[in-house]
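Okay, structure first, notes after.
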Amino acid sequence: MKLMVYNGSPRKESSNTKMLLDSFLKGFMRGRGNSYQILYIAGENRMSHLAEILAGSETALIAFPLYIDCMPAVTMSFFESLEPYIGFMKNTRLCFLVQSGFPEPLHSRPVERYLEKLTKRLGAQYIGAIIRGGVRSASRGGCSRKLSVRFELLGESFGKTGTFDSELVKGLAPRDRLSSPVLQTVNLLDKIGFLDRMWEKSLKENGGFSKRYDRPYL
Amino acid sequence: MKILILNGNPDEGNVHFDKYLEELQSSLGETGHDVEIFLLREMDIQYCDGCHGCWLRTPGECLVSDHTQLIRKSFVNSDLVISASPIRMGFISSLLKKGKDKFIPLVLPFVRVENGEIHHKPRYDKYPLLGFILDKGLDGDNEDVEIISQIAERNAMQLGTHLSFVSLTSKEEGELADEINGL
Ligand SMILES: Cc1cc2nc3c(=O)[nH]c(=O)nc-3n(C[C@H](O)[C@H](O)[C@H](O)COP(=O)(O)O)c2cc1C
(Lines give C-alpha, C1' and ligand atoms only; values in the text may rest on other atoms or scores of the structure.)
Protein backbone atom coordinates (compact mmCIF):
# COMPACT_ATOMS: atom_id res chain seq x y z
CA MET A 1 0.00 0.00 0.00
CA LYS A 2 1.13 3.51 -0.77
CA LEU A 3 0.21 5.92 2.00
CA MET A 4 0.10 9.66 1.59
CA VAL A 5 0.76 11.31 4.94
CA TYR A 6 -0.22 14.90 5.71
CA ASN A 7 1.30 16.56 8.75
CA GLY A 8 -0.92 19.49 9.73
CA SER A 9 1.14 20.81 12.62
CA PRO A 10 2.45 24.37 12.40
CA ARG A 11 5.63 23.01 13.98
CA LYS A 12 6.26 20.71 11.03
CA GLU A 13 9.51 18.71 11.40
CA SER A 14 9.84 19.49 15.09
CA SER A 15 6.24 18.62 15.92
CA ASN A 16 4.86 16.06 18.31
CA THR A 17 2.72 15.02 15.37
CA LYS A 18 5.86 14.00 13.50
CA MET A 19 7.15 12.14 16.54
CA LEU A 20 4.02 9.97 16.66
CA LEU A 21 3.88 9.58 12.88
CA ASP A 22 7.48 8.36 12.86
CA SER A 23 6.59 5.46 15.14
CA PHE A 24 3.43 4.68 13.21
CA LEU A 25 5.30 4.67 9.89
CA LYS A 26 8.09 2.51 11.27
CA GLY A 27 5.50 -0.17 11.97
CA PHE A 28 3.72 0.50 8.70
CA MET A 29 6.89 -0.14 6.69
CA ARG A 30 7.09 -3.69 8.01
CA GLY A 31 4.33 -4.59 5.60
CA ARG A 32 5.65 -5.93 2.32
CA GLY A 33 5.55 -3.48 -0.57
CA ASN A 34 4.43 -0.58 1.59
CA SER A 35 5.64 2.94 0.94
CA TYR A 36 4.70 6.43 2.05
CA GLN A 37 5.27 10.06 1.34
CA ILE A 38 5.02 12.88 3.88
CA LEU A 39 3.64 16.30 3.05
CA TYR A 40 3.75 19.27 5.43
CA ILE A 41 0.70 21.48 5.25
CA ALA A 42 2.15 24.48 7.10
CA GLY A 43 4.26 26.70 4.89
CA GLU A 44 2.73 25.28 1.71
CA ASN A 45 1.45 28.16 -0.35
CA ARG A 46 -0.18 26.03 -3.02
CA MET A 47 -2.87 24.29 -1.00
CA SER A 48 -4.64 23.34 -4.22
CA HIS A 49 -1.60 21.26 -5.11
CA LEU A 50 -1.86 19.33 -1.82
CA ALA A 51 -5.57 18.88 -2.48
CA GLU A 52 -4.95 17.50 -5.95
CA ILE A 53 -2.48 14.97 -4.54
CA LEU A 54 -5.05 13.86 -1.97
CA ALA A 55 -7.70 13.43 -4.63
CA GLY A 56 -5.32 11.20 -6.55
CA SER A 57 -4.33 9.08 -3.53
CA GLU A 58 -5.74 5.71 -2.66
CA THR A 59 -5.03 5.97 1.04
CA ALA A 60 -4.12 9.01 3.11
CA LEU A 61 -3.45 9.76 6.75
CA ILE A 62 -4.02 13.33 7.90
CA ALA A 63 -2.46 14.14 11.26
CA PHE A 64 -2.58 17.30 13.36
CA PRO A 65 -2.45 18.65 16.91
CA LEU A 66 -5.58 19.89 18.64
CA TYR A 67 -5.62 23.70 18.48
CA ILE A 68 -8.33 25.45 20.49
CA ASP A 69 -10.48 22.32 20.48
CA CYS A 70 -10.17 21.62 16.75
CA MET A 71 -7.74 21.63 13.84
CA PRO A 72 -5.04 24.31 13.48
CA ALA A 73 -6.03 27.12 11.10
CA VAL A 74 -3.50 26.02 8.52
CA THR A 75 -4.99 22.52 8.49
CA MET A 76 -8.44 24.06 8.02
CA SER A 77 -7.07 26.05 5.12
CA PHE A 78 -6.06 22.73 3.56
CA PHE A 79 -9.57 21.35 4.14
CA GLU A 80 -11.00 24.44 2.43
CA SER A 81 -8.87 23.69 -0.60
CA LEU A 82 -10.69 20.35 -0.94
CA GLU A 83 -13.90 22.14 -1.92
CA PRO A 84 -13.59 21.31 -5.64
CA TYR A 85 -13.56 17.61 -4.74
CA ILE A 86 -16.79 17.45 -2.76
CA GLY A 87 -18.38 14.13 -3.65
CA PHE A 88 -15.53 13.16 -5.98
CA MET A 89 -13.16 11.25 -3.74
CA LYS A 90 -14.78 7.83 -4.04
CA ASN A 91 -11.47 6.13 -4.66
CA THR A 92 -9.75 7.62 -1.65
CA ARG A 93 -9.62 6.12 1.80
CA LEU A 94 -9.00 8.58 4.62
CA CYS A 95 -7.78 8.19 8.16
CA PHE A 96 -6.72 10.71 10.78
CA LEU A 97 -4.54 11.24 13.82
CA VAL A 98 -5.46 13.93 16.35
CA GLN A 99 -3.15 14.43 19.30
CA SER A 100 -3.51 16.93 22.11
CA GLY A 101 -1.87 18.44 25.14
CA PHE A 102 -4.73 17.79 27.54
CA PRO A 103 -4.90 14.19 28.63
CA GLU A 104 -8.56 13.41 27.97
CA PRO A 105 -9.74 12.21 24.55
CA LEU A 106 -13.03 14.04 25.11
CA HIS A 107 -11.40 17.30 24.01
CA SER A 108 -10.88 15.79 20.56
CA ARG A 109 -14.26 14.12 20.09
CA PRO A 110 -16.04 17.03 18.36
CA VAL A 111 -13.24 17.40 15.80
CA GLU A 112 -13.29 13.64 15.31
CA ARG A 113 -16.94 14.01 14.41
CA TYR A 114 -15.98 16.79 12.01
CA LEU A 115 -13.42 14.55 10.30
CA GLU A 116 -15.91 11.78 9.71
CA LYS A 117 -18.32 14.30 8.25
CA LEU A 118 -15.58 15.78 6.07
CA THR A 119 -14.79 12.34 4.69
CA LYS A 120 -18.45 11.80 3.91
CA ARG A 121 -18.68 15.19 2.25
CA LEU A 122 -15.80 14.29 -0.03
CA GLY A 123 -17.41 10.97 -0.87
CA ALA A 124 -14.29 9.22 0.44
CA GLN A 125 -14.14 6.12 2.64
CA TYR A 126 -13.57 6.66 6.33
CA ILE A 127 -11.05 4.34 7.96
CA GLY A 128 -11.12 6.01 11.35
CA ALA A 129 -9.30 8.44 13.63
CA ILE A 130 -6.60 7.82 16.19
CA ILE A 131 -7.07 10.09 19.19
CA ARG A 132 -4.30 10.55 21.70
CA GLY A 133 -4.26 12.99 24.60
CA GLY A 134 -1.55 14.04 27.02
CA VAL A 135 1.17 14.20 24.41
CA ARG A 136 4.30 15.69 25.84
CA SER A 137 6.64 17.86 23.88
CA ALA A 138 9.05 16.09 21.54
CA SER A 139 11.75 18.49 22.68
CA ARG A 140 11.32 17.26 26.25
CA GLY A 141 12.03 13.65 25.59
CA GLY A 142 8.39 13.38 24.48
CA CYS A 143 7.44 9.96 23.31
CA SER A 144 7.83 7.29 25.95
CA ARG A 145 9.05 3.92 24.77
CA LYS A 146 5.65 2.46 25.56
CA LEU A 147 3.80 5.04 23.50
CA SER A 148 6.07 4.67 20.50
CA VAL A 149 5.67 0.88 20.63
CA ARG A 150 1.90 1.32 20.60
CA PHE A 151 2.05 3.55 17.56
CA GLU A 152 4.42 1.12 15.86
CA LEU A 153 2.03 -1.77 16.48
CA LEU A 154 -0.88 0.26 15.19
CA GLY A 155 1.12 1.22 12.09
CA GLU A 156 2.15 -2.37 11.57
CA SER A 157 -1.38 -3.73 11.67
CA PHE A 158 -2.58 -0.88 9.48
CA GLY A 159 0.20 -1.69 7.01
CA LYS A 160 -1.04 -5.25 6.78
CA THR A 161 -4.80 -4.86 6.87
CA GLY A 162 -5.43 -1.33 5.65
CA THR A 163 -7.66 -0.77 8.67
CA PHE A 164 -7.16 0.41 12.23
CA ASP A 165 -7.07 -2.27 14.90
CA SER A 166 -9.91 -1.06 17.10
CA GLU A 167 -8.35 -2.53 20.26
CA LEU A 168 -5.12 -0.64 19.66
CA VAL A 169 -6.98 2.59 18.87
CA LYS A 170 -9.03 2.15 22.02
CA GLY A 171 -5.84 1.47 23.96
CA LEU A 172 -4.52 4.90 22.99
CA ALA A 173 -7.67 6.57 24.29
CA PRO A 174 -8.98 4.14 26.90
CA ARG A 175 -11.44 6.50 28.59
CA ASP A 176 -12.83 9.82 27.52
CA ARG A 177 -12.61 11.40 30.97
CA LEU A 178 -10.23 11.16 33.87
CA SER A 179 -11.61 8.98 36.65
CA SER A 180 -12.66 10.72 39.84
CA PRO A 181 -9.70 9.42 41.88
CA VAL A 182 -7.37 10.83 39.22
CA LEU A 183 -9.27 14.14 39.21
CA GLN A 184 -8.96 14.30 42.99
CA THR A 185 -5.24 13.70 42.75
CA VAL A 186 -4.88 16.38 40.08
CA ASN A 187 -6.78 18.79 42.34
CA LEU A 188 -4.50 17.97 45.21
CA LEU A 189 -1.37 18.40 43.10
CA ASP A 190 -2.73 21.75 41.99
CA LYS A 191 -3.38 22.88 45.59
CA ILE A 192 0.18 22.18 46.66
CA GLY A 193 1.49 23.98 43.55
CA PHE A 194 3.03 20.87 42.10
CA LEU A 195 1.01 21.07 38.89
CA ASP A 196 2.24 24.59 38.09
CA ARG A 197 5.84 23.64 38.68
CA MET A 198 6.44 22.05 35.31
CA TRP A 199 5.42 25.24 33.54
CA GLU A 200 7.29 27.36 36.05
CA LYS A 201 10.44 25.54 35.10
CA SER A 202 9.87 26.30 31.41
CA LEU A 203 8.99 29.90 32.32
CA LYS A 204 12.31 30.27 34.11
CA GLU A 205 14.23 28.76 31.23
CA ASN A 206 12.57 31.20 28.84
CA GLY A 207 12.85 34.35 30.92
CA GLY A 208 9.10 34.79 31.45
CA PHE A 209 8.79 33.67 35.06
CA SER A 210 8.46 37.08 36.75
CA LYS A 211 5.88 38.13 34.16
CA ARG A 212 3.92 34.90 34.17
CA TYR A 213 0.67 36.49 35.40
CA ASP A 214 0.93 39.61 33.20
CA ARG A 215 -2.29 41.04 31.77
CA PRO A 216 -1.07 43.20 28.92
CA TYR A 217 -4.53 44.17 27.67
CA LEU A 218 -6.03 45.75 30.76
CA MET B 1 -22.74 46.37 26.29
CA LYS B 2 -19.44 46.59 24.51
CA ILE B 3 -19.75 44.14 21.63
CA LEU B 4 -17.02 42.92 19.32
CA ILE B 5 -17.87 41.18 16.06
CA LEU B 6 -15.16 39.16 14.34
CA ASN B 7 -16.10 38.98 10.69
CA GLY B 8 -14.40 35.87 9.35
CA ASN B 9 -15.89 36.10 5.86
CA PRO B 10 -12.90 35.45 3.57
CA ASP B 11 -14.71 36.40 0.40
CA GLU B 12 -15.30 40.06 -0.42
CA GLY B 13 -17.67 38.93 -3.15
CA ASN B 14 -19.99 37.60 -0.47
CA VAL B 15 -21.48 41.02 0.26
CA HIS B 16 -24.65 39.66 1.88
CA PHE B 17 -22.73 38.35 4.82
CA ASP B 18 -20.87 41.60 5.49
CA LYS B 19 -24.10 43.53 5.09
CA TYR B 20 -25.93 41.33 7.58
CA LEU B 21 -23.29 42.12 10.20
CA GLU B 22 -23.32 45.82 9.42
CA GLU B 23 -27.08 45.94 9.81
CA LEU B 24 -26.83 44.07 13.08
CA GLN B 25 -24.21 46.57 14.19
CA SER B 26 -26.49 49.51 13.49
CA SER B 27 -29.54 47.88 15.13
CA LEU B 28 -27.51 47.17 18.24
CA GLY B 29 -26.05 50.68 18.10
CA GLU B 30 -29.57 52.12 18.16
CA THR B 31 -30.31 50.34 21.41
CA GLY B 32 -27.23 51.81 23.03
CA HIS B 33 -24.59 49.16 22.50
CA ASP B 34 -21.09 50.01 21.47
CA VAL B 35 -20.37 47.64 18.57
CA GLU B 36 -17.10 47.22 16.75
CA ILE B 37 -16.58 44.97 13.71
CA PHE B 38 -13.15 43.61 12.79
CA LEU B 39 -13.00 42.59 9.16
CA LEU B 40 -10.42 39.85 9.49
CA ARG B 41 -9.64 39.45 5.80
CA GLU B 42 -8.31 43.00 5.72
CA MET B 43 -6.16 42.57 8.80
CA ASP B 44 -2.63 41.26 9.11
CA ILE B 45 -3.09 37.92 10.87
CA GLN B 46 -0.22 35.45 10.92
CA TYR B 47 -0.70 31.78 11.67
CA CYS B 48 0.13 30.70 15.21
CA ASP B 49 3.31 28.69 14.79
CA GLY B 50 2.98 26.91 18.13
CA CYS B 51 6.12 28.43 19.68
CA HIS B 52 4.54 28.97 23.15
CA GLY B 53 6.38 32.30 23.44
CA CYS B 54 3.08 33.90 24.53
CA TRP B 55 3.18 31.75 27.66
CA LEU B 56 6.88 31.46 28.33
CA ARG B 57 8.74 34.50 27.02
CA THR B 58 6.33 37.43 26.88
CA PRO B 59 3.47 36.05 28.98
CA GLY B 60 0.09 37.21 27.68
CA GLU B 61 1.41 38.55 24.39
CA CYS B 62 2.25 36.87 21.09
CA LEU B 63 5.86 37.29 19.94
CA VAL B 64 4.58 38.24 16.51
CA SER B 65 3.14 41.74 16.50
CA ASP B 66 0.34 41.40 13.99
CA HIS B 67 -3.21 42.76 14.20
CA THR B 68 -4.32 39.97 16.53
CA GLN B 69 -2.98 42.18 19.33
CA LEU B 70 -5.89 44.53 18.60
CA ILE B 71 -8.30 41.61 18.52
CA ARG B 72 -7.17 40.20 21.86
CA LYS B 73 -7.19 43.62 23.49
CA SER B 74 -10.69 44.31 22.30
CA PHE B 75 -11.74 40.77 23.26
CA VAL B 76 -10.82 41.03 26.93
CA ASN B 77 -12.42 44.47 27.15
CA SER B 78 -15.75 43.44 25.62
CA ASP B 79 -18.92 42.08 27.22
CA LEU B 80 -19.90 40.00 24.20
CA VAL B 81 -17.78 38.71 21.34
CA ILE B 82 -19.56 37.40 18.26
CA SER B 83 -17.59 35.24 15.85
CA ALA B 84 -19.07 35.26 12.38
CA SER B 85 -18.32 33.09 9.41
CA PRO B 86 -19.84 31.47 6.38
CA ILE B 87 -19.64 27.69 6.72
CA ARG B 88 -17.03 26.29 4.37
CA MET B 89 -16.25 22.59 4.17
CA GLY B 90 -18.42 22.13 7.23
CA PHE B 91 -16.60 24.56 9.46
CA ILE B 92 -15.81 28.18 10.25
CA SER B 93 -13.39 29.75 7.78
CA SER B 94 -9.68 29.16 8.26
CA LEU B 95 -9.45 32.95 8.38
CA LEU B 96 -11.55 33.08 11.55
CA LYS B 97 -9.75 30.06 12.92
CA LYS B 98 -6.43 31.81 12.31
CA GLY B 99 -7.58 34.60 14.62
CA LYS B 100 -8.82 32.11 17.21
CA ASP B 101 -5.60 30.13 17.34
CA LYS B 102 -4.02 33.33 18.57
CA PHE B 103 -6.23 33.37 21.68
CA ILE B 104 -3.95 31.21 23.79
CA PRO B 105 -2.12 34.24 25.25
CA LEU B 106 -5.45 34.99 26.97
CA VAL B 107 -5.08 32.03 29.32
CA LEU B 108 -2.25 30.89 31.55
CA PRO B 109 -0.15 27.85 30.70
CA PHE B 110 -1.11 26.39 34.09
CA VAL B 111 -3.98 23.93 34.24
CA ARG B 112 -6.68 22.96 36.70
CA VAL B 113 -9.77 20.81 36.95
CA GLU B 114 -12.93 22.55 35.75
CA ASN B 115 -16.22 20.70 35.20
CA GLY B 116 -14.35 17.45 35.70
CA GLU B 117 -12.02 18.22 32.82
CA ILE B 118 -8.53 19.64 32.51
CA HIS B 119 -8.51 23.27 31.41
CA HIS B 120 -6.12 26.18 31.52
CA LYS B 121 -6.24 28.62 34.38
CA PRO B 122 -7.55 32.06 33.41
CA ARG B 123 -5.15 34.96 32.93
CA TYR B 124 -7.91 37.56 33.27
CA ASP B 125 -10.63 37.83 35.92
CA LYS B 126 -13.41 38.05 33.42
CA TYR B 127 -14.02 37.03 29.83
CA PRO B 128 -16.79 38.13 27.50
CA LEU B 129 -19.86 36.08 26.65
CA LEU B 130 -19.50 34.40 23.29
CA GLY B 131 -21.83 34.12 20.36
CA PHE B 132 -21.70 32.81 16.83
CA ILE B 133 -23.26 33.85 13.55
CA LEU B 134 -23.02 31.31 10.76
CA ASP B 135 -24.13 31.27 7.16
CA LYS B 136 -24.88 27.81 5.82
CA GLY B 137 -23.99 28.87 2.29
CA LEU B 138 -24.45 26.33 -0.47
CA ASP B 139 -23.04 23.32 1.23
CA GLY B 140 -23.52 23.71 4.99
CA ASP B 141 -26.12 21.65 6.85
CA ASN B 142 -27.56 21.23 10.34
CA GLU B 143 -24.96 18.68 11.33
CA ASP B 144 -22.19 21.17 10.47
CA VAL B 145 -23.88 23.76 12.67
CA GLU B 146 -24.08 21.20 15.46
CA ILE B 147 -20.39 20.31 15.23
CA ILE B 148 -19.34 23.95 15.14
CA SER B 149 -21.57 24.61 18.17
CA GLN B 150 -20.02 21.72 20.10
CA ILE B 151 -16.55 23.06 19.44
CA ALA B 152 -17.64 26.60 20.27
CA GLU B 153 -19.02 25.37 23.58
CA ARG B 154 -15.69 23.77 24.38
CA ASN B 155 -13.92 27.03 23.48
CA ALA B 156 -16.18 28.91 25.87
CA MET B 157 -15.55 26.40 28.64
CA GLN B 158 -11.83 26.82 28.08
CA LEU B 159 -12.17 30.55 28.73
CA GLY B 160 -14.43 30.04 31.70
CA THR B 161 -17.29 31.79 29.93
CA HIS B 162 -20.48 30.78 28.10
CA LEU B 163 -21.67 30.34 24.57
CA SER B 164 -24.83 32.40 24.64
CA PHE B 165 -26.05 31.74 21.08
CA VAL B 166 -25.30 30.23 17.70
CA SER B 167 -27.40 32.00 15.14
CA LEU B 168 -27.83 31.63 11.38
CA THR B 169 -28.00 34.44 8.85
CA SER B 170 -31.38 33.03 7.82
CA LYS B 171 -32.69 34.73 10.95
CA GLU B 172 -33.73 38.37 10.53
CA GLU B 173 -30.96 40.54 11.93
CA GLY B 174 -33.57 42.57 13.84
CA GLU B 175 -34.71 39.42 15.61
CA LEU B 176 -31.15 38.54 16.55
CA ALA B 177 -30.61 42.10 17.80
CA ASP B 178 -33.66 41.69 20.05
CA GLU B 179 -32.25 38.47 21.43
CA ILE B 180 -28.93 40.12 22.13
CA ASN B 181 -30.74 42.98 23.87
CA GLY B 182 -32.30 40.36 26.11
CA LEU B 183 -28.99 38.83 27.18
C1 LIG C 1 -2.47 27.58 19.71
C2 LIG C 1 -2.52 26.27 20.44
C3 LIG C 1 -3.74 25.78 20.84
C4 LIG C 1 -3.84 24.56 21.51
N5 LIG C 1 -5.08 24.12 21.89
C6 LIG C 1 -5.19 22.93 22.55
C7 LIG C 1 -6.47 22.47 22.96
O8 LIG C 1 -7.50 23.09 22.73
N9 LIG C 1 -6.53 21.29 23.64
C10 LIG C 1 -5.40 20.56 23.91
O11 LIG C 1 -5.51 19.50 24.52
N12 LIG C 1 -4.18 20.98 23.50
C13 LIG C 1 -4.05 22.14 22.83
N14 LIG C 1 -2.80 22.58 22.42
C15 LIG C 1 -1.63 21.73 22.69
C16 LIG C 1 -1.21 20.91 21.49
O17 LIG C 1 -2.27 20.19 20.95
C18 LIG C 1 -0.13 19.91 21.90
O19 LIG C 1 0.94 20.58 22.50
C20 LIG C 1 0.36 19.10 20.72
O21 LIG C 1 1.07 17.98 21.18
C22 LIG C 1 1.25 19.91 19.79
O23 LIG C 1 1.57 19.12 18.67
P24 LIG C 1 2.60 19.54 17.54
O25 LIG C 1 3.96 19.63 18.14
O26 LIG C 1 2.50 18.41 16.56
O27 LIG C 1 2.17 20.82 16.95
C28 LIG C 1 -2.67 23.80 21.77
C29 LIG C 1 -1.44 24.32 21.39
C30 LIG C 1 -1.34 25.53 20.74
C31 LIG C 1 0.00 26.05 20.31
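Quick grid of which residues meet (1) away from chain A (no Cβ under 14 Å); (2) of a type outside the set (A, V, I, L, M, F, W, C); (3) assigned to a loop (DSSP other than H, G, I, E, B); (4) within 13 Å of the chain's Cα centre (by Cα):
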site	(1), (2), (3), (4)
B:GLY13	yes, yes, yes, no
B:LEU24	yes, no, no, no
B:PRO59	no, yes, yes, no
B:GLN69	no, yes, no, no
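When residues in the stretch A:67-113 are screened for being more than 14 Å from the ligand (Cβ to nearest atom), aromatic (Phe, Trp, Tyr) and either facing another protein chain (nearest Cβ under 7 Å) or surrounded by fewer than 21 Cβ atoms within 10 Å (Cβ to Cβ) (or both), 3 of them pass.
Considered as a group, the residues in the stretch A:31-66 that are among the small types (Gly, Ala, Ser) and assigned to a strand (DSSP E or B) include one that is surrounded by the fewest Cβ atoms within 10 Å (Cβ to Cβ), and that residue is A:SER35. Only one of the listed residues (A:GLU116, A:GLU112, A:GLU83, A:GLU44) is of a type in the set (Asp, Glu) and touching a Leu at 6+ places or on another chain (Cβ under 8 Å). That residue is A:GLU44. Between residues in the stretch A:87-116 that are under 22 Å from A:VAL135 (Cβ atoms) and residues that are open to solvent by 10 Å² or more (accessible area, probe 1.4 Å) and at pLDDT below 95, which pairs lie under 6 Å by C-beta distance while being six or more apart or on different chains? Going by the 6 Å Cβ cut-off, the qualifying pairs are A:GLN99/A:VAL135; A:PRO103/A:GLY134. Would you say A:LEU195 is in contact with a Gly (Cβ under 7 Å, 6 or more places away or on another chain), surrounded by 12 or more Cβ atoms within 10 Å (Cβ to Cβ) and without any contact (Cβ under 8 Å) to a residue 40 or more places away in the chain? No. Scanning the stretch A:47-62 for residues that are within 20 Å of A:ARG11 (Cα to Cα) and either modelled with pLDDT under 95 or within 14 Å of chain B (Cβ to nearest Cβ) (or both) gives A:MET47, A:LEU50, A:ILE62. Taken over the stretch B:26-53, the criterion of being away from the ligand (no atom under 16 Å from the Cβ) and in a loop (DSSP other than H, G, I, E, B) is satisfied by B:THR31, B:GLY32, B:HIS33, B:MET43, B:ASP44.
Among (1) farther than 18 Å from A:ASP69 by Cβ; (2) touching a residue at least 60 places away in the same chain (Cβ under 8 Å), there is one condition B:LEU95 misses while meeting the rest; what is its number? Among (1) farther than 18 Å from A:ASP69 by Cβ; (2) touching a residue at least 60 places away in the same chain (Cβ under 8 Å), B:LEU95 violates only (1). Number of residues in the stretch A:114-125 that are in contact with a Lys or Arg (Cβ under 9 Å, 6 or more places away or on another chain) and either under 15 Å from B:ILE151 (Cβ atoms) or within 12 Å of the ligand (Cβ to nearest atom) (or both): the value is 0.
Here B:ASP44 does not fit the description of being open to solvent by less than 10 Å² (accessible area, probe 1.4 Å), more than 11 Å from chain A (Cβ to nearest Cβ), over 16 Å from the mean Cα position of the chain (by Cα) and closer than 30 Å to B:LEU28 by Cβ.
The values are calculated or read from the model by the stated rules, or taken from the named source; none is laboratory data. Computed from a predicted model, the values in this text were never measured in an experiment. All Cβ positions, even for glycine, are placed from backbone atoms using ideal geometry, and neighbour counts span all protein chains on display. Remember, those area values only see protein heavy atoms, side chains included, never the ligands or the DNA or RNA. Shrake-Rupley method; radii C 1.70, N 1.55, O 1.52, S 1.80 Å.
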